[in-house]
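Computed from the coordinates by the stated procedures, all read-outs in this text should not be read as laboratory data. Predicted model only: the values in this text are computed from it and were never measured. Cβ atoms come from the backbone with ideal geometry, glycine included; neighbour counts cover every protein chain shown.
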Amino acid sequence: MLRVGILTSGGDCQGLNAAIRGVAKGLYGEFGKDVEILGIQDGYRGLIEGEARSIGQEEFSGILTLGGTILGTSRQPFKLMRVVDENSVDKVKQMKDHYKKWKLDCLVVLGGNGTHKTANLLSEEGLNVVSLPKTIDNDLWGTDMTFGFQSAVELATYVLDCIHTTATSHGRVFLVEIMGHKVGWLTLHAGIAGGADVILLPEIPYDIDKTARCIQRRERAGKRFSILAVAEGAISRQEAKLSKKEFKAARAEMKDPSIAYRVSRELGEKLGQEIRVTVPGHFQRGGSPCAYDRVLATRFGAGAARLIAEKKFGCMVALQNGQIVPVPLSEVAGKLKLVPPDCGTVQAAKEMGIGFGD
């Protein structure tokens with residue numbers, strides 16, 4: 001009897017249940033009744049604390065379109081994984097002990113960057129691990145696409161579409177703050193799809209004066225409104241010159257609620273007008289996965305089942321050039337897939353007249 005544990009870790013997103021379903025159905029297709037699947041509760045916390053249950057085959061039906069995760073999730077910072085806490089809990093030892101106690105043949109992990117660091121750690125500790133790339137940020141190294149990204153793009157684009165109508169009616173400048181602390185793929189794609197006039201990304205430090213001039217040019221051209229798509233991790237040119245320590249200190253002292261509000265205040269002072277801010281926040285993570293993510297998550301799940309059947313562990317299932325391929329966890333862990341400032345998508349946006357504040 002093959003025993004496989006599955007957990008979802010980090011921030012939730014659309015497509016997690018579709019991927020869980022894909023793994024399960026793929027395993028049943030490979031092994032029939034000779035497989036038992038354990039659902040580990042709330043991510044690595046459940047693996048540390050020993051919370052898991054056997055999931056019957058019927059429980060994987062009807063979850064393809066369901067948002068969130070039936071297994072629950074939590075954030076367990078990688079930097080604390082090897083730190084013994086105040087209760088004398090050795091988290092790595094606990095995870096290994098529970099893996100052995102449950103007699104698992106493989107651990108399937110669905111998650112983003114931090115999740116994959118821990119997955120690689122467990123792989124290096126001798127556990128059989130296979131992972132799937134989940135994040136609305138599309139920032140995982142080694143895969144062209146992560147599931148959850150396209151659904152979030154569609155939701156963020158919907159917000160921009162709705163803001164357009166009120167901005168047009170009132171002749172106002174609106175900022176929409178889109179998720180993405182370190183990378184701007186989501187803001188870039190939603191900004192283009194939603195017809196934003198300015199897009200501010202973490203990878204392209206902005207100059208507030210140049211950003212203001214983008215809006216002023218539109219006003220001189222007779223445009224009554226402007227829409228800015230601002231990544232929550234956007235940084236100014238002044239901030240880009242700071243050390244990591246200096247940057248953290250500067251952000252800690254920032255009086256504005258978030259970067260979009262700071263940009264709004266600074267632009268308002270330069271343009272002499274009121275600027276509105278919309279922050280959709282976790283709205284972008286929620287709801288049913290789009291058709292693209294349902295297909296991609298299913299392909300990833302089936303790919304994970306194949307790797308388990310072939311005993312190819314220590315890998316993340318990835319999409320490269322349209323094909324599902326394994327990528328060693330050691331190559332994925334700790335690496336971010338940033339938006340190249342000179343990539344074709346950015347260049348196309350600039351050719352369409354979209355400003356990036358640079």
- To the nearest 10 degrees, how steeply does helix 91-101 sit against the main Cα axis of the chain, on a 0 to 90 scale? 40
- Message: Taking the 0 to 90 degree range and rounding to the nearest ten, how far is the long axis of helix 149-170 tilted relative to the main principal axis of the chain, both from C-alpha atoms?
- Response: 20
- Once you have the Cα-Cα distance between ASN321 and LYS248, take 0.36 nm times their residue separation minus that, and quote the gain in nm to one decimal. 22.5 nm
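How large is the charge dipole for the range 183-323, taken about the Cα centre, if only the Cβ atoms of Lys, Arg (+1) and Asp, Glu (-1) carry charge, to the nearest 20 debye?
Using only the charged Cβ atoms, the result is roughly 200 debye.
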- Cα centroid of the range 117-179 to Cα centroid of the range 1-72, whole Å: 22
- Item | Overall dimensions of the range 155-276 as given by Cα atoms, namely Rg and Dmax in Å | 14.1, 44
- Message: Within 10 Å of each candidate Cβ there may be at most 11 other Cβ atoms; applying that plus a DSSP loop requirement, which chymotrypsin sites (Phe, Trp or Tyr not before Pro) in the range 255-358 survive?
- Response: none
- Message: What is the angle, in °, between the Cα long axis of helix 208-220 and the longest principal axis of the Cα atoms in the chain? Nearest 10 is fine, range 0 to 90.
- Response: 60
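Taking the range 241-309, which GluC sites (Glu not before Pro) meet the DSSP loop condition and have no more than 12 other C-beta atoms within 10 Å?
GLU253, GLU274
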- Task: Determine which aspartates and glutamates satisfy two conditions relative to LYS245: a Cα distance under 17 Å, and not lying fewer than 8 residues away in the same chain.
- Result: GLU253
- Check the straight Cα-Cα distances from LYS25 and name the aspartates and glutamates below 14 Å, setting aside those fewer than 8 residues away within the same chain. ASP34, GLU36, GLU58, GLU59
- Message: Under the rule of at least 5 residues apart or a separate chain, name every residue whose amide H is placed under 5 Å from the amide H of ILE178.
- Response: VAL230, ALA231, GLU232
- Message: Filter LYS79/LYS312; LYS96/LYS244; LYS103/LYS311; LYS210/LYS255 down to the pairs with a C-alpha to C-alpha distance above 25 Å, please.
- Response: LYS79/LYS312; LYS96/LYS244
- Task: Sequence neighbours fewer than 8 away in the same chain don't count; with that in mind, list the aspartates and glutamates whose C-alpha is under 17 Å from LYS91.
- Result: ASP42, GLU49, GLU51, GLU124, GLU125
- Query: Can you give the three extents of the C-alpha atoms in the range 27-183 along their principal axes, from longest to shortest, in whole Å?
  - Reply: 64, 41, 29
- Message: Contact order normalised by length for the chain, with contacts defined as Cα pairs under 8 Å and 6 or more residues apart; what percent is it?
- Response: 25
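Would you mind getting the Kirkwood hydrodynamic radius of the range 228-278 from its Cα pairs, rounded to one decimal in Å? Don't jump to the answer; show the numbers that get you there.
Numbers: mean 1/r = 0.0842 Å⁻¹.
The Cα-based Kirkwood calculation yields 11.9 Å.
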- Item | Computed over the range 199-358, Cα set: Rg, Dmax in Å | 20.6, 64
- Task: Report, in whole Å, the centroid distance computed from the Cα atoms of the range 188-248 and the range 87-114.
- Result: 42
- Note on the structure: Filtering trypsin sites (Lys or Arg not before Pro) in the range 245-284 by DSSP loop and by at most 16 other Cβ atoms within 10 Å leaves LYS255
